[in-house]
Amino acid sequence: MQARVSVTLKPGVLDPQGKAIEGALHALGHGAVESVRQGKVFDVALKATDRAAAEAELRRVCEALLANTVIEDYAIAFPGEPA
């Protein structure tokens, strides 16, 4: 089973890397870009066949390693399934 985990900074947490990207885009002439927030994406292959078990395992993985839940949020998606 394939899953995608997206990790982003919580609203209100400063994002210096996002600001640097935003500044670079403006310098390159992309003034229509209002703001940028950066994040991380993890594509994970699981040995699970049950979606509920896979999601529970991914939540444990996120809490343990992939996301710093003090300052980051995470979302789990299973490609091919309706959002």
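Which ones in region 1-26 are farther than 9 Å from Gln38 by Cβ, at pLDDT 95 or above, of a type in the set (A, V, I, L, M, F, W, C) and surrounded by 14 or more Cβ atoms within 10 Å (Cβ to Cβ)?
Scanning region 1-26 gives Ala3, Val5, Val7, Leu25.
When you check Thr49 against the structure, is it assigned to a loop (DSSP other than H, G, I, E, B), more than 15 Å from the chain's Cα centre (by Cα) and either closer than 16 Å to Val13 by Cβ or hydroxyl-bearing (Ser, Thr, Tyr) (or both), yes or no?
On the way: assigned to a loop (DSSP other than H, G, I, E, B): yes; more than 15 Å from the chain's Cα centre (by Cα): yes; either closer than 16 Å to Val13 by Cβ or hydroxyl-bearing (Ser, Thr, Tyr) (or both): yes.
Answer is yes for this residue.
From the list Val13, Val33, Val41, Val5, pick out the single residue that is within 16 Å of Asp73 (Cβ to Cβ) and either out of contact with any strand residue (DSSP E or B) (no Cβ under 8 Å at 6 or more places or on another chain) or in a loop (DSSP other than H, G, I, E, B) (or both).
Result: Val13 is the single residue among Val13, Val33, Val41, Val5 that is within 16 Å of Asp73 (Cβ to Cβ) and either out of contact with any strand residue (DSSP E or B) (no Cβ under 8 Å at 6 or more places or on another chain) or in a loop (DSSP other than H, G, I, E, B) (or both).
What is the number of the single condition among (1) over 17 Å from Arg4 (Cβ atoms); (2) within 14 Å of the chain's Cα centre (by Cα); (3) free of Cβ contacts under 8 Å to residues at least 24 places away in the same chain that Arg37 does not meet?
Checking Arg37 against (1) over 17 Å from Arg4 (Cβ atoms); (2) within 14 Å of the chain's Cα centre (by Cα); (3) free of Cβ contacts under 8 Å to residues at least 24 places away in the same chain, the one that fails is (3).
Any residue in region 57-71 that's closer than 20 Å to Pro11 by Cα: show its pairings with residues that are in a loop (DSSP other than H, G, I, E, B) and β-branched (Val, Ile, Thr) at Cβ separation under 8 Å, as long as the two are six or more apart or on different chains.
Cys62/Thr69; Glu63/Thr69; Ile71/Val13
How many residues does region 52-74 hold that are touching a strand residue (DSSP E or B) at 6+ places or on another chain (Cβ under 9 Å) and not acidic (Asp, Glu)?
10
Is there any pair with a first residue in region 6-24 that is free of Cβ contacts under 8 Å to residues at least 12 places away in the same chain and a second that is charged (D, E, K, R) and not in a loop (DSSP other than H, G, I, E, B) whose Cβ atoms are under 9 Å apart and which are 6 or more apart or on different chains, and what are they?
From region 6-24, the pairs are Pro11/Asp73.
The values are calculated or read from the model by the stated rules, or taken from the named source; none is laboratory data. Note that the structure is predicted; figures quoted are calculated from it, not measured. Backbone-built Cβ (ideal geometry, glycine too); neighbour counts: all protein chains shown.
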